[in-house]
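Step one of this worksheet: look at the structure below.
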Amino acid sequence: MIIQKFRDAVYTKDTKIRKVMLRWHLINGHSFSNQEEAVTNIRALMTDINKIYGKAFLFESEIKFYDSEYKDYKFAKHKEHCNTKYQGTKCVAPSTVIEKMEGKNWKDQPCFHVLVVNFQRPELAGYGQFPWMDQFGLLVMSSKRIHKGATTLPHELGHCFGLFHIFRGVSEVRGCNVCYERDANDL
Ligand SMILES: [Zn+2]
């Protein structure tokens, strides 16, 4: 299932480049006000990630706009994370929305789904699912991080490719003496 998302290797003289399709999902009236501006911002992000990952991947994109019953909702990673402290806020999980949009087999499609949302916790920038996780294929981005030069998309794509943070050894793993990094940094 994993290889299905990395398609059509393009062979150059000394390397091979995998094509990866990002299917962007935007809900009308939810996280952006102007379709044209949203498209311009996404195109700029696509140019950025192709520069960053260009030696290994060629990213392509398709952008879908939807009318959805969830346009007035905020998003939390899982339904159980919807926080009651935000009283009166309707809250939904991204996977619920993607399933409605793309059907039950969305995980098996040969693309990554990028859902642009307003998170219930406004400090969240986004998240990507590791290849071994249940919702691999889903990448969720805060609408605040959809602009040229924003680093959230390349960061979260790294997780989709199986990469941990390079500061993992310092702040995310306990009792690891092999992978320990003495100085954390966020490159
Ligand atoms: Zn991360």
Whole-angstrom gap from the range 1-30 to the range 101-132, using each part's C-alpha centre: 15 Å
Descending semi-axes in whole angstrom, ellipsoid equivalent of the range 50-95, from the Cα gyration tensor: 33, 15, 8
21 Å Cα-Cα threshold exceeded, pairs from K79/K104; K77/K148; K5/K144: K77/K148; K5/K144
Under Karplus coefficients 6.51, -1.76 and 1.60, residue-wise ³J(HN,Hα) of the range 60-73 in Hz, glycine/proline x: 10, 9, 10, 10, 10, 9, 10, 8, 9, 5, 9, 5, 9, 8
Simple Cβ-charge dipole of the chain, Lys/Arg +1 and Asp/Glu -1, about Cα centre, in debye nearest 20: 160 debye
Sum of -39500 (n - 2.57) over DSSP H runs of 4+, divided by residues of the chain (222 nm, nearest 500): -6500 deg cm²/dmol
Net charge over other residues, Cβ less than 10 angstrom from the Cβ of V140 (K, R count +1; D, E count -1): 0
The range 124-146 residues near the modelled T89 label - backbone nitrogen below 15 Å, point 7 Å along Cα→Cβ: 124-126, 142-144
Per-residue ³J(HN,Hα) for the range 133-148, Karplus 6.51 cos²θ - 1.76 cosθ + 1.60, θ = phi - 60°, Hz, x for Gly and Pro: 8, 4, 10, 4, x, 10, 10, 10, 10, 5, 4, 6, 9, 9, 7, 4
Equivalent-ellipsoid semi-axes of the chain, from the Cα gyration tensor, Å, largest first: 27, 23, 16
Under the span-like rule (Cα at least 15 Å along the axis, Kyte-Doolittle mean at least -0.5), DSSP H helices of the chain: 35-52
Sorted by Cβ neighbour density within 10 Å, fewest at the top, the residues Y73, Y53: Y53, Y73
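Values quoted throughout were computed directly from the atomic coordinates according to the rules given, and no laboratory measurement underlies them. Since the structure is predicted, the reported quantities are computational estimates derived from the model, not experimental observations. Glycine also receives a Cβ, built like all others from the backbone with ideal geometry; neighbour counts cover every protein chain displayed.
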